[in-house]
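The values are calculated or read from the model by the stated rules, or taken from the named source; none is laboratory data. Please read these numbers as outputs of a predicted model, since none were measured by experiment. Don't worry about glycine lacking a Cβ; one is built from the backbone with ideal geometry, like all the others, and counts go over all protein chains shown. Only protein heavy atoms, including side chains, enter the accessible area calculation; ligands, DNA and RNA are left aside. Shrake-Rupley method; radii C 1.70, N 1.55, O 1.52, S 1.80 Å.
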Amino acid sequence: MAASRALGTFRLPPLPTIREIIKLFKLQAAKQLSQNFLLDLRLTDKIVRKAGNLTDAYVYEVGPGPGGITRSILNAGVAELLVVEKDSRFLPGLQMLSDAAPGKLRIVHGDVLTFKVERAFPESLKRQWEDDPPNVHIIGNLPFNVSTPLIIKWLENVSQRDGPFAYGRTQMTLTFQKEVAERLAASTGSKQRSRLSVMAQYLCRVQHVFTIPGRAFVPKPEVDVGVVHFTPLTQPRIQQPFPLVEKVVQNVFQFRRKYCHRGLGMLFPEAQRLERTGRLLQLADVDPTFRPCQLSVSHFKSLCDVYRRMCDEDPHLFAYNFREELRNHKRAGQDKETGQDKEASRESL
């Protein structure tokens, strides 16, 4: 108990401010990496509070940069904080924090898109998927250029219960451009409803917990920033493989202003498109004149279940790519024109 109280009351000693760290190590946000620094510790504290009770927790922070959120996490009484930073310019400032919090901060110079976090924390932290979430958290102020591919990667990890979710239903508290945050949490029928909405909400409880004005960041981005909290569901709302769900959802939303049958048709070869699309919609009991934003997760569940049965009946169907068929048609047309040109040339001799 004494050790737990000591962890819970840990506070960092006096340190240079984040602004002073930036000046000390001559740090500048790299525009090509979509970097924006959050200097206000009241806001970083608020992000960490939205993650929940972090006393004695093991936390994985992505993209710590100069260490603003890192400080707030350490002050929350965590057992251990692991940070993964790709940009070597930030390592000296992070090392200063590590020296101020002996045994609490572990720094990895690496890429969050490839780092194997499932090997990073003790095996004893693992929980059954149906149990309460483990005492493991992911927190991060994500660079805009990696936020969408990273959350899609982690959602696939949720579906497979691997990566950061090998420990159980690991919770995530992450920043995104406000527009992306709104899409992730958008309800059925809203204008922000998108592919991200469905992919996140069929696997997680998603909350857009608050918005940070762009002026709080250095340099000031052109957009505000949304903080989103994810808790994986005990059972996904669509019980199909992630690639299949992703393919159906992507096809629907590629024509987001059209009726849903337009995008769903792209799941099928042109010669059978009309008949198979009609069959899919009929068996799934989905109105073909619904717009993509009007489709609920339940609608997508029905569509994915029927599409899976159709793929089982036709083993070649899932591999079909309508763009490839278009390219083949175009190539065949060019070959035909070339042949006609050669014939015309011969006739002109």
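So, Glu222, is that one open to solvent by 30 Å² or more (accessible area, probe 1.4 Å), within 24 Å of the chain's Cα centre (by Cα) and either within 24 Å of Pro315 (Cβ to Cβ) or not assigned by the TED database to the domain that holds Asn321 (or both) or not?
yes
Suppose we keep only residues that are in contact (Cβ under 8 Å) with a residue 60 or more places away in the chain and in a loop (DSSP other than H, G, I, E, B) within the range 65-88. Which one would you say is nearest to Ile151 (Cα to Cα)?
Taking the range 65-88 and keeping what is in contact (Cβ under 8 Å) with a residue 60 or more places away in the chain, we get 65, 68-69, 73-75, 77-79.
Filter once more, so that each one left must be in a loop (DSSP other than H, G, I, E, B): 65, 75, 77-79.
Numbers: Gly65: 19, Asn75: 26, Gly77: 27, Val78: 24, Ala79: 25 Å.
Filtering first and then ranking leaves Gly65.
Need the failing condition index for Lys104 against (1) within 29 Å of Val206 (Cβ to Cβ); (2) touching a residue at least 40 places away in the same chain (Cβ under 8 Å), just the number.
(1)
From (1) buried (at least 18 other Cβ atoms within 10 Å of the Cβ); (2) more than 13 Å from the chain's Cα centre (by Cα); (3) closer than 27 Å to Asp305 by Cβ; (4) small (Gly, Ala, Ser), pick out the condition that doesn't hold for Ser190.
(1)
Looking at the structure I just gave you, is Glu130 surrounded by fewer than 23 Cβ atoms within 10 Å (Cβ to Cβ), within 11 Å of the chain's Cα centre (by Cα) and either more than 30 Å from Arg291 (Cα to Cα) or of a type in the set (D, E, K, R) (or both)? It would help to see each step written out before you state the result.
Details: surrounded by fewer than 23 Cβ atoms within 10 Å (Cβ to Cβ): yes; within 11 Å of the chain's Cα centre (by Cα): no; either more than 30 Å from Arg291 (Cα to Cα) or of a type in the set (D, E, K, R) (or both): yes.
No: the conditions fail for Glu130.
Residues of the range 37-58 being surrounded by fewer than 21 Cβ atoms within 10 Å (Cβ to Cβ) and polar (S, T, N, Q), which ones?
Asn53, Thr55
Check Gln28 against each of (1) surrounded by 14 or more Cβ atoms within 10 Å (Cβ to Cβ); (2) at pLDDT below 75; (3) under 27 Å from the mean Cα position of the chain (by Cα) and name the one condition it does not meet.
(1)
Conditions: (1) under 11 Å from the mean Cα position of the chain (by Cα); (2) open to solvent by 10 Å² or more (accessible area, probe 1.4 Å). Leu184 meets all but one. Number of the miss?
With (1) under 11 Å from the mean Cα position of the chain (by Cα); (2) open to solvent by 10 Å² or more (accessible area, probe 1.4 Å) applied to Leu184, the lone miss is (2).
Test Phe115 against the stated conditions and say whether it is closer than 28 Å to Pro219 by Cβ, surrounded by fewer than 22 Cβ atoms within 10 Å (Cβ to Cβ), assigned by the TED database to the domain that holds Leu142 and aromatic (Phe, Trp, Tyr).
Values: closer than 28 Å to Pro219 by Cβ: yes; surrounded by fewer than 22 Cβ atoms within 10 Å (Cβ to Cβ): yes; assigned by the TED database to the domain that holds Leu142: yes; aromatic (Phe, Trp, Tyr): yes.
Yes.
Taking helices (runs of 4 or more DSSP H) that do not extend beyond the range 89-204, which have at least 2 residues that are at pLDDT 95 or above and within 21 Å of Lys247 (Cα to Cα)? Quick ask: steps written out before the conclusion?
Working: elements: 91-100, 144-160, 178-185, 195-201.
Where helices (runs of 4 or more DSSP H) fall fully within the range 89-204 and carry at least 2 residues being at pLDDT 95 or above and within 21 Å of Lys247 (Cα to Cα), they are 144-160, 178-185, 195-201.
Here are some conditions: (1) open to solvent by 60 Å² or more (accessible area, probe 1.4 Å); (2) over 30 Å from Lys220 (Cβ atoms). Ser88 meets all but one. Which one does it not meet?
(2)
Output the number of residues of the range 39-64 satisfying the condition of being more than 19 Å from the chain's Cα centre (by Cα) and assigned to a loop (DSSP other than H, G, I, E, B).
8
Hey, can you tell me all the residues within the range 230-243 that are out of contact with any helix residue (DSSP H, G or I) (no Cβ under 6 Å at 6 or more places or on another chain), open to solvent by less than 50 Å² (accessible area, probe 1.4 Å) and of a type outside the set (Ser, Thr, Tyr)? Spell out how you get there, then give the answer.
Residues of the range 230-243 that are out of contact with any helix residue (DSSP H, G or I) (no Cβ under 6 Å at 6 or more places or on another chain), as a first pass: 230-231, 233-236, 239, 241, 243.
Among the residues that remain, those that are also open to solvent by less than 50 Å² (accessible area, probe 1.4 Å) are: 230-231, 233, 236.
Listed by number, the residues that qualify are Phe230, Leu233, Pro236.
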